[in-house]
Amino acid sequence: MKKIVAAIIILFCFFFSGNHILAPDNNSQKERLSPRDKFEYSADLQSVINDFAAQGKLENASIGISIYDLSSASFIAEYNPVVSLVPASVMKIITTAAALELLGKDTVFNTEIYYSGSINPQSKVLTGDLIIRGGGDPCLGSQAFKNYYYQPDFLEKWAEAVKNAGIEHITGNIIADASVFDDENVPSNWNWVDIPAYYGTPAFGLSVYDNQFVLNFSPKRKGRYKVHPDSMNPVIPDLYVENRIRADTKEEKYLDFVGVYYSNQRIIKGNLSKISGTLELKGSIPDPPYLIGYQLRTKLQEKGISITGDVVTSRMYLAENKPLPAEKKLICTTNSPTLAEIVRRTNMFSINLYAEHLLNHIGYFKSGLGSTKAGVKSILSYYESKGYDTKGVNICDGSGLSRNNTLTARFIVKVLAGMSGNKPVQEAFYQSLPVSGSSGTLRSFCNGTVAEGKIHAKSGTMSRVKCYAGYMEVKSGKTIAFAVMVNNFSTGSDTVNALLAQLMVNIYNNY
């Protein structure tokens, strides 16, 4: 009898000890703890997290939280830390951290102009092709990096370099070579309505202008028609649109492009209660490599350089089983900003396109294949080599646009904590993250609270998904790494965001 009583007392102590309360999924957690992980739970902090998760407004939600003290190198509070949840754009943390560590913060990506064949110095005829060799620069021609591409204008620079090489006529083609990346590079589980949107363009080995164009159109003009060049910027050659906009006062207003990449056919659909005037719609460039080849040909012609051939892309060559020119000579090179600068813009403004490029570059660096699949395989292999538990982690893209992505809060925190191994890389990564109440996508988060300016983090938002992950300097002066993930809530997104802001304030005050 005494043994039975003793056993009951032991079980009672176990079930009501901090370890059980702090780990709702205790059985799965025991299987996933690494010998290198330390757990020094804070009762006050855990109470804050438990109270947050117990709110009635979140009763339908799936929640995962993990908090890590960088000074003691230990987990200090968790809630469902190994549950798989959709991260949305918090995925960019995983991609950009790996890119900085693997590729180096000072890496640049080159776009090069070559020619094949030979130049006759007397007639100034190039008997051969002019080649734009893309190096996977995600921001070629972006207005966000004017100092790199418009002093002078990069197209002007290329045309001048061709002229200075002694070329006044080209017998062959303008070849836009984007073969550094796979041509079929849309992640397979992206939503089809995202792809023609400005934020849903895939990574190309030769991208330009953030792969975006702006179309001005009259919703009153119905049917299918060829868009006038004056109505778009940049001009997409032979772009056709079909207007399917409705006017229904009972439905919510919206406006979307419909179409696929490599196609110059676009449908404009939506609902506008009042159809009048001219509207502006931003979309993804259907074929960025072809566009840049088209623009270079136009610029060369303006300078009196004639071309007999056509604008073709490496994809077109591949479709016809034609090899690209093997022998070629360099004319000029355009460098991208450093990787640290690209990562900063990626995280600060949540640029999907840049994150997808970086995923491809990781794949190319590790395996020689610039593709989404190679990037995913390489990034998982890299984090596993660091000893991180990737159970529950499913990566489908680099940006978080896919709803099939899943991460665990503990995995995210391990990635954040692991960045401290290389100080220059750590600093570049830290400075890339938006600051609460101050910059980027966190400009209004925790604004006017004690947590304003104390959080460097990435947000992630999509329908029924709200996540934050990054670093916070708390009241005690310590710095924590954290991941807070909320999925499948039934209340409004703004309400959840307000609850998360209050959670961050409470974490700040209680540790």
**Prompt:** Expressed as a whole number of Å, what is the distance separating the alpha-carbon centroids of region 467-487 and region 349-393?
**Reply:** 24 Å
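Taking only C-alpha pairs under 8 Å that are 6+ residues apart, what is the relative contact order of region 278-428 in percent?
Numbers: 112 pairs, mean separation 18.3, N = 151.
Relative contact order of region 278-428: 12 percent.
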**Fill in**
Surpassing 24 Å at the alpha-carbon level, of the pairs Lys38/Lys475; Lys92/Lys454; Lys226/Lys303; Lys377/Lys414, are Lys226/Lys303
**Item:** region 196-238 and region 323-338: distance between their alpha carbon centers, rounded to Å
**Value:** 27 Å
**Prompt:** Between Ser438 and Ser72, what length comes free when the chain is fully extended (0.36 nm per residue of separation minus the Cα-Cα distance, one decimal in nm)?
**Reply:** 128.9 nm
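Dipole size in debye (nearest 20) for region 370-492 around its Cα centre, Lys and Arg Cβ +1, Asp and Glu Cβ -1? Each step should come with its number before you reach the end.
Working: 15 positive and 6 negative charges, 38 e Å.
Rounded to the nearest 20 debye, it is 180 debye.
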**Length gained when the stretch Ser367-Ser273 is fully extended (0.36 nm per residue, less Cα-Cα span)** = 28.7 nm
**Item:** 18 Å reach of a label modelled at Ala319, 7 Å along Cα-to-Cβ, counting backbone N of region 245-276
**Value:** 259-266
**Complete:** Here the FRET efficiency for Lys38 versus Asn120, based on Cβ atoms and R0 = 56 Å and rounded to 0.05, is 0.20
**Message:** For a quick check of your reading of the filter: which GluC sites (Glu not before Pro) in region 192-291 sit in a DSSP loop and have no more than 11 other Cβ atoms within 10 Å?
**Reply:** Glu252
**Prompt:** Separation between the Lys329 and His169 pseudo-spin-labels, each 7 Å from Cα along Cα→Cβ, expressed in nm?
**Reply:** 1.9 nm
**Complete:** Lys and Arg at +1, Asp and Glu at -1: neighbours of Glu341 with Cβ under 14 Å from its Cβ sum to +1
**Request:** Tally up the carbon and sulfur contribution to the accessible surface of the chain as a whole percent, 1.4 Å probe, everything protein left in place.
**Result:** 49 percent
**Prompt:** What accessible area, in Å² to the nearest ten, does a 1.4 Å probe give for Tyr317?
**Reply:** 20 Å²
**Request:** Check the straight Cα-Cα distances from Lys274 and name the aspartates and glutamates below 14 Å, setting aside those fewer than 8 residues away within the same chain.
**Result:** Asp248, Glu251, Glu252
**Message:** Could you work out how much longer the chain between Glu251 and Glu156 gets when fully extended? Use 0.36 nm per residue separation minus the Cα distance between them, nm to one decimal.
**Reply:** 29.4 nm
**Asked** Efficiency by 1/(1 + (r/R0)^6): what FRET value for His228 and Gln143, r their Cβ-Cβ distance, R0 = 30 Å, to the nearest 0.05?
**Response** 0.85
**Asked** If you take the charge dipole of the chain about its Cα centre, with +1 on Lys and Arg Cβ and -1 on Asp and Glu Cβ, which of Ile292, Gly134, Thr479 is farthest toward its positive end?
**Response** Thr479
**Asked** Does anything in region 283-297 have its amide N under 12 Å from the 7 Å Cα→Cβ label point of Arg244, and if so which residues?
**Response** none
**Request:** Report the FRET efficiency, 1/(1 + (r/R0)^6), for Glu280 and Asn447, where r is their Cβ-Cβ distance and R0 is 30 Å, rounded to 0.05.
**Result:** 0.55
**Prompt:** How many nm separate the modelled label positions at Thr390 and Thr127, each set 7 Å beyond the Cα in the direction of the Cβ?
**Reply:** 5.3 nm
**Prompt:** What dipole magnitude, in Debye to the nearest 20, does the chain give about its Cα centre under +1 on Lys/Arg Cβ and -1 on Asp/Glu Cβ?
**Reply:** 620 debye
**Request:** Excluding residues on the same chain fewer than 8 positions from Lys57, give the lysines whose Cα lies under 26 Å from its Cα.
**Result:** Lys458, Lys466
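Heavy atoms only, 1.4 Å probe, whole protein assembly: order Lys423, Lys478 by accessible area, highest first.
Values: Lys423 130, Lys478 85 Å².
Listed by decreasing accessible area, they come as Lys423, Lys478.
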**Fill in**
Asserting the computed 222 nm helical MRE of the chain (DSSP H runs at least 4 long, -39500 (n - 2.57) per run, divided by residue count, to nearest 500) equals -9500 deg cm²/dmol
**Request:** Using only alpha carbon pairs under 8 Å that are at least six residues apart, calculate the relative contact order of the chain and give it in whole percent.
**Result:** 22 percent
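Could you state the accessible area per residue of region 179-335 in Å², with a 1.4 Å probe and every protein chain left in place? Please report the intermediate quantities before stating the final value.
Working: 7940 Å² over 157 residues.
Normalised by residue count, the accessible surface of region 179-335 is 51 Å².
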**Asked** Tell me, what is the 1.4 Å probe accessible area of Ser62, in Å² to the nearest 10?
**Response** 40 Å²
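The values are calculated or read from the model by the stated rules, or taken from the named source; none is laboratory data. Everything quoted here is computed from the prediction, not taken from an experiment. Every residue, glycine among them, receives a Cβ derived from its backbone with ideal geometry; neighbour counts consider all protein chains shown. Ligands, DNA and RNA are excluded from the accessible area calculation, which covers all protein heavy atoms including side chains. Shrake-Rupley method; radii C 1.70, N 1.55, O 1.52, S 1.80 Å.
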